[in-house]
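Okay, so here's the structure we're looking at.
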Amino acid sequence: MAGIFITFEGIDGCGKTTQLGMLAALLAAHSIPHLITREPGGTLVGNKIREIILDPTHNKLSSKTELLLYAADRAQHVFEELKPSLEKGEIILCDRYTDATIAYQAYGRKLPVKLINQLNLIATDGLAPDLTLLFDLPVEEAEKRMSNPNSLRSKDRLEQEQRDFHQRVRQAYLALAEKFPDRFRTISALGTSQEIFYQVSQVVIPKIKSLYPSLNNYVFC
Ligand code: TMP
């Protein structure tokens, strides 16, 4: 049985990771087999790559090196985690995937889209998500959330980029959602996490319910 591959995308600070956790809790409560994973960092090797990419002291990392590190992380992730999980029939909840490389490296860093599409194809062997949730919110709002004084961690190398970089990333995501309307669902990331999760469940439950009858009586709230 083939599983379902769902990706979570959006600018830094959009709250997608919280939503992924809420969806995972719902699946667990209904005993639905799933994999929680992320890019970069979905494997042991990928975690090491993640540290290299996000370390703010690595300020001499070139855009091309960064791109190739994301691609290497992805190739390992597809091989070690994503394909085996789909073969087991699991629902994959993946925090970022190929769209992030288009948004950040093609539009944020201004590297050629064609090159990135080719690299994505090499890294994924053509494995594309079944559904992509785009959590959209203005960059200024995301900045406010990330500058919360209660936050325990400092900003990573990507988060430290200027506002116009993140604006380009947001616009790129919106353009991708327009280009691939069958795969993308755009969710407003403004509001409380419960309000946002209501939208997430409205999109996801109908998509997976035919495979998992335990969701038939799910009450949206
Ligand atoms: P995260 O904080 O959402 O885990 O993502 C780590 C950072 O990596 C985030 O700033 C987005 C960035 N990123 C890219 O620039 N390109 C990519 O291909 C991926 C997967 C993430």
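The values are calculated or read from the model by the stated rules, or taken from the named source; none is laboratory data. Bear in mind that the values here come from a model prediction, so they are computed numbers and not experimental data. In this analysis, Cβ positions are derived from the backbone assuming ideal geometry, glycine residues included, and neighbour counts consider all displayed protein chains.
Given the condition free of Cβ contacts under 8 Å to residues at least 12 places away in the same chain, in contact with a strand residue (DSSP E or B) (Cβ under 9 Å, 6 or more places away or on another chain) and closer than 21 Å to VAL139 by Cα, answer yes or no: does some residue in region 197-217 qualify? Within region 197-217 (the criterion being free of Cβ contacts under 8 Å to residues at least 12 places away in the same chain, in contact with a strand residue (DSSP E or B) (Cβ under 9 Å, 6 or more places away or on another chain) and closer than 21 Å to VAL139 by Cα), the answer is no, since none of the residues qualifies. Of the residues making up region 134-183, those that are in a helix (DSSP H, G or I) and crowded, with 17+ Cβ neighbours inside 10 Å are VAL139, ALA142, PHE165, HIS166, ARG168, VAL169, ARG170, ALA172, TYR173, LEU176, ALA177.
Consider region 87-133 and keep the residues that are crowded, with 20+ Cβ neighbours inside 10 Å, aliphatic (A, V, I, L, M) and free of Cβ contacts under 8 Å to residues at least 60 places away in the same chain. The one that is farthest from GLY3 (Cα to Cα) is ILE116. Just so you know, in region 53-71 the residues that are touching a Pro at 6+ places or on another chain (Cβ under 9 Å) and free of Cβ contacts under 8 Å to residues at least 40 places away in the same chain include one that is surrounded by the fewest Cβ atoms within 10 Å (Cβ to Cβ), and it is LEU69.
Would it be correct to say that ALA128 is at pLDDT 95 or above, in contact with a strand residue (DSSP E or B) (Cβ under 8 Å, 6 or more places away or on another chain) and within 13 Å of the ligand (Cβ to nearest atom)? In short, no. Residue count for region 71-99 satisfying the condition of being under 17 Å from ALA123 (Cα atoms) and either among the hydrophobic types (A, V, I, L, M, F, W, C) or touching a Phe, Trp or Tyr at 6+ places or on another chain (Cβ under 8 Å) (or both): 12. With a requirement of 3 or more residues that are touching a Gly at 6+ places or on another chain (Cβ under 6 Å) and at pLDDT 95 or above, the helices (runs of 4 or more DSSP H) lying completely within region 1-78 that satisfy it span 63-77.
Taken over region 79-102, the criterion of being under 28 Å from LEU26 (Cα atoms) and assigned to a helix (DSSP H, G or I) is satisfied by PHE79, GLU80, GLU81, LEU82, LYS83, PRO84, SER85, LEU86, GLU87, THR98, ASP99, ALA100. Against the list (1) touching a residue at least 40 places away in the same chain (Cβ under 8 Å); (2) away from the ligand (no atom under 14 Å from the Cβ), the condition VAL139 fails is (2). Please verify whether region 198-206 includes one or more residues that are farther than 20 Å from VAL113 by Cα, more than 16 Å from the ligand (Cβ to nearest atom) and modelled with pLDDT under 95. Checked against the condition, which is being farther than 20 Å from VAL113 by Cα, more than 16 Å from the ligand (Cβ to nearest atom) and modelled with pLDDT under 95, region 198-206 yields at least one hit. The number of residues in region 184-221 being under 17 Å from the mean Cα position of the chain (by Cα) and either of a type in the set (Lys, Arg) or in a strand (DSSP E or B) (or both) comes to 5.
Considered as a group, the residues in region 22-43 that are on the phi < 0 side of the Ramachandran plot and either polar (S, T, N, Q) or without any contact (Cβ under 8 Å) to a residue 12 or more places away in the chain (or both) include one that is nearest to the ligand (Cβ to nearest atom), and that residue is THR37. Evaluated against (1) without any contact (Cβ under 8 Å) to a residue 60 or more places away in the chain; (2) of a type in the set (Val, Ile, Thr); (3) away from the ligand (no atom under 11 Å from the Cβ), ILE49 falls short on exactly one condition, (3).
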